[in-house]
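Working notes for the structure below.
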Amino acid sequence: MGLFDKIFGSAGNDVLKQIKEAAESVAKEASNAINNVTNGSGTTSNSSSNASRPQTGSAADLRPTERAESGDSWGPDMPDEPNQFNSGKPYDLYFYDVFQENFPSYRLTTEKIRKDRATLITFYSGISDQKALVVELMAETSCAESIRYNCRKEGVPYLRFYYNHEGWWNTKSYVVRRVQDALK
C-alpha cells in the first residue's frame, strides 16, 4: 500500500480499496457465469455431459479440458489408442510417420521454421508434384498466421496442429481424419 500512498497521497488507500472491490466483483460475476453454464441455467443447454460433470465453485477450479465434452483426441484422460504422447517420438516425427504411413501416394517434405519452434510438412501430389496440403505443427502460444495466409492466397489447403496444448492428444485416428478431409 505504500506505493499507492506515495502516488496518490492520503487517497491511496481509497483507490486501492476501490480497485480491490472492482476485482472481487468481476471475479464473482465470472464465477457465477461459469456456474450457470456448468449447471445448465445459462444460455447453453443442459446436456447429459453437463449433468454428469462435477460442479465447481470458481473459474480456477476448471481445467481447460473440462470445459467441453471429451472426444476421440481431447479430454482430461489419455485415449487408449496411438497418439502423440504415447508414441515415444518427438512431435514432428510422430506426425511425419502418421502421414507417411497413411498417405503413401503423397511426397512429403518437412521444414523447421520459427527458430525450430514449428514445423511445416507439405504434401505434394502425384505426377504433377503439385502442392496438395500444408500442415503446420506449432505451439499453442504461437500467434503466427503467415503460413495460413499464404496458403489461402495460393488456394492450397492448410491445417494446423498444436503439439503442446494440454488435453489435446493428437490421436492417430483424429490426425488421419483431419488430413483426409483436407485432401478431398
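A compact table of results
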item: Breaking point among (1) surrounded by 13 or more Cβ atoms within 10 Å (Cβ to Cβ); (2) out of contact with any helix residue (DSSP H, G or I) (no Cβ under 8 Å at 6 or more places or on another chain); (3) of a type in the set (G, A, S), for S87; result: (2)
item: Only one of R160, R177, R152, R148 that is free of Cβ contacts under 8 Å to residues at least 40 places away in the same chain and open to solvent by less than 40 Å² (accessible area, probe 1.4 Å); result: R160
item: Residues of the stretch 102-123 satisfying the condition of being in contact with a Lys or Arg (Cβ under 9 Å, 6 or more places away or on another chain) and not aromatic (F, W, Y); result: N102, A118, T119, L120, T122
item: Any chance L133 is in contact (Cβ under 8 Å) with a residue 40 or more places away in the chain and crowded, with 18+ Cβ neighbours inside 10 Å; result: yes
item: Filter result for S125 (without any contact (Cβ under 8 Å) to a residue 24 or more places away in the chain and within 17 Å of C151 (Cα to Cα)); result: yes
item: Residue ID - nearest to R114 (Cα to Cα), chosen from residues in the stretch 141-156 that are part of a loop (DSSP other than H, G, I, E, B) and over 16 Å from the mean Cα position of the chain (by Cα); result: V156
item: Qualifying positions in the stretch 96-128 - crowded, with 17+ Cβ neighbours inside 10 Å, part of a strand (DSSP E or B) and under 24 Å from the mean Cα position of the chain (by Cα); result: A118, T119, L120, I121, T122, F123
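The values are calculated or read from the model by the stated rules, or taken from the named source; none is laboratory data. Note that this is a predicted model, so its numbers are computed, not measured. As a convention, Cβ positions derive from the backbone with ideal geometry for all residues, glycine included, and neighbour counts pool all protein chains shown. Ligands, DNA and RNA are excluded from the accessible area calculation, which covers all protein heavy atoms including side chains. Shrake-Rupley method; radii C 1.70, N 1.55, O 1.52, S 1.80 Å.
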